[in-house]
Amino acid sequence: MNKKRPFAYLLVVSSVLALLAVVLLSLKKPQKTVLYGRILMGTAVEITLKQDNPRAVEAAFKEIERLEKVFSSYIPDSEISRISKGAGKEGIKVSAEVVEVVLAGLKVSRLSKGAFDPTVGVLFGKEGVWDFSGEKNNVPKRKEILRLLRLVDYRDVIVNKDTSIVGLKKRGMRLDLGGVAKGYIVGRAMEVLKKHGIEWAIIRAGGDMMVYSSKGNAPPFTIGIQHPRKEGELLGKIRVANRAVATSGDYERSFIKDGIRYHHIIDPKTGYPADKCRSVTVVSEDPTLADALSTAAFVMGPEKGMELIERLAGVEGIIVDREGGVGVSSGLKAHFERL
Ligand code: AMP
Ligand code: MG
C-alpha cells in the first residue's frame, strides 16, 4: 500500500505536468485567423476574424459597397457629387450619414485651422489640375492652381442639420470627403460585424484600420505601422485595443517628377502637396476622427500636428517628418516599438 501511494502521486503529478505543457504549447501556437479581401473604395479592404462567419463578412462588405456609392466623389450621382453639382445654386437633401461625416470633417477643419479642408478636391477630379491616379503625372502651372484655390474654403460648406441639407456657397466648388469617409465606413462595417455577434475582428481599408475584441482591452492587438520609404517594411509596431488606427502617407497615390515627390494630400493654403511629413498615424476610438486627423496633422507638420494630437483627449499618434524623424505622442510611447 505504502509503495503504491507514491506511484499514484507521481502519476497525478506527471499527468498534470503533461496537461500544463499542452496548454502552454497551444498558447504559444499563433492563433488561427480567417482573412477575407476585396477591392473596394479604390483600395484593398481586408476583414480578419478569429472564427469564420461568411455571412457576417458578406454583410460588412455589402455595407462598405453601399456607403462607397454614397460618399464617392467619382460616382456621378452619389450624394457627394450631387452636392458639388448644386454648388452656388442649391443645397441638396442628403442622408443623415452624409450630414454626420460632413460635420465631423468640418470639426477637424476648425481644429486644424483649415489644414483639413473637404473643399480642396476642386484641385483634383475631372475639372481639377492635379491627377494622382498614376495616369498623367502632370505638375500643373501655378496660375492654374491659384485660379482653383479661390474655390477652396471649408467655411463655404453650409450644413443644416435639421433639414439634412448640405450646400456649397460658390459656383464651381467641389466637396471631397476622401480624407475622412473611409474611416467612417470602416467604423460602420465594424458595427455590422458586431451585430452579427462577431467577438474579434480587424478591418483594414488601405491606411484605415480598426480592431475590435469583445474582451475589451485585453489582450491588445499588435499593429504594424508601414515604413513610409521602404515598401512592405514596417517602421514600428504599436499595441492597441478597440481602436481605429489611420495612416496618411505621401507614398500612397503619388508620383515623382524631376526628383520631387507629388502626392494626394494637398495643403489648402498653397494648393501643392503638403511637404512637412512622410506619414502620420492617428489612434482614436473614433474611426472618422482618426481618419480626418491623420490627414490634418500631415498637412500641419510635425510640430503643429503633434500639438493638436496631444491636445485632444483619447487621441494618440506617430508622425514621421520629411527627414524621417519619428515623433510619438506621450500616451503612445509605452506602446510603440521602433523596428
Ligand atoms: P488620407 O489618405 O485619409 O490622408 O486622405 C487623402 C485624401 O483626402 C486625398 O486623396 C483627397 O481626396 C483628400 N484630401 C487631400 N488633401 C486634403 C486636405 N488638405 N484636407 C482634406 N482632404 C484632403
Ligand atoms: Mg485621412
First check a/c for segment 233-308, with a ≥ b ≥ c the square roots of the eigenvalues of its C-alpha gyration tensor; if it is under 1.5, answer rounded, and if not, answer prolate when a/b is larger than b/c or oblate otherwise.
prolate
I'd like the FRET efficiency for Glu135 and Arg171, computed as 1/(1 + (r/R0)^6) with the beta carbon distance as r and R0 of 25 Å, rounded to 0.05.
0.35
Mean residue ellipticity at 222 nm from the helices of the chain, using -39,500 (n - 2.57) per DSSP H segment of n ≥ 4 over the full residue count, to the nearest 500 deg cm²/dmol?
-11000 deg cm²/dmol
Taking every pair of Cα atoms in segment 93-243, average 1/r, invert it to obtain the Kirkwood radius, and report Rg/Rh to two decimals.
1.04
Segment 173-226: D in µm²/s via Stokes-Einstein (Kirkwood Rh, Cα pairs, 4 °C, 1.567 mPa s)?
103
Among residues other than Tyr36 whose Cβ falls under 15 Å from its Cβ, what is the net charge (Lys/Arg +1, Asp/Glu -1)?
+1
Could you state the number of Å between the C-alpha centres of segment 56-70 and segment 173-219?
12
Treating segment 35-163 as a set of equal point scatterers at the Cα positions, no solvent, please give the Debye-formula log₁₀ I(q)/I(0) at q = 0.11 Å⁻¹.
-0.52
Contact order normalised by length for the chain, with contacts defined as Cα pairs under 8 Å and 6 or more residues apart; what percent is it?
16
From zero outward in steps of 20 Å, how is the percent of C-alpha pairs of the chain spread across the bins?
29, 52, 12, 5, 1, 0
May I ask which of Lys126/Lys269; Lys69/Lys161; Lys136/Lys269; Lys62/Lys113; Lys32/Lys182; Lys182/Lys269 have a Cα-Cα span longer than 26 Å here?
Lys62/Lys113; Lys32/Lys182
Apply 1/(1 + (r/R0)^6) to the Cβ-Cβ distance of Glu100 and Glu65, taking R0 = 22 Å, and write down the FRET efficiency to the nearest 0.05.
0.70
Using the Karplus equation 6.51 cos²θ - 1.76 cosθ + 1.60 (θ = phi - 60°), what ³J(HN,Hα) coupling, rounded to whole Hz, does each residue of segment 157-163 give in order, writing x for Gly and Pro?
8, 10, 10, 10, 5, 5, 9
From the alpha carbon gyration tensor of segment 191-261, can you work out the equivalent ellipsoid semi-axes (sqrt of 5 times each eigenvalue) and give them in Å, largest to smallest?
31, 14, 7
If you take every residue apart from Asp77 with its C-beta less than 11 Å away from the C-beta of Asp77, what net charge results, scoring Lys and Arg +1 and Asp and Glu -1?
+2
For Val45, the residues 5 or more places away or on another chain with a placed amide H closer than 5 Å to its own amide H are Arg38, Ile39, Leu40
Summed side-chain charge close to Lys161 - residues other than Lys161 whose Cβ falls under 15 Å, Lys, Arg +1, Asp, Glu -1
-1
Under 5 Å between amide H atoms, partner at least 5 residues away or on a different chain: which partners does Phe124 have, H built in plane at 1.01 Å?
Val129, Trp130
Would you please calculate the Kirkwood hydrodynamic radius of segment 62-122 over all C-alpha pairs and express it in Å, rounded to one decimal?
12.5
Kyte-Doolittle mean at least -1.0 and Cα extent at least 15 Å along the axis: which DSSP H helices of the chain qualify?
4-28, 54-71, 96-111, 181-195, 287-300
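Values quoted throughout were computed directly from the atomic coordinates according to the rules given, and no laboratory measurement underlies them. Just so you know, these numbers come straight off a predicted model, no measurement behind them. Note that we place each Cβ from the backbone using ideal geometry, even for glycine, and neighbour counts take in every protein chain shown.
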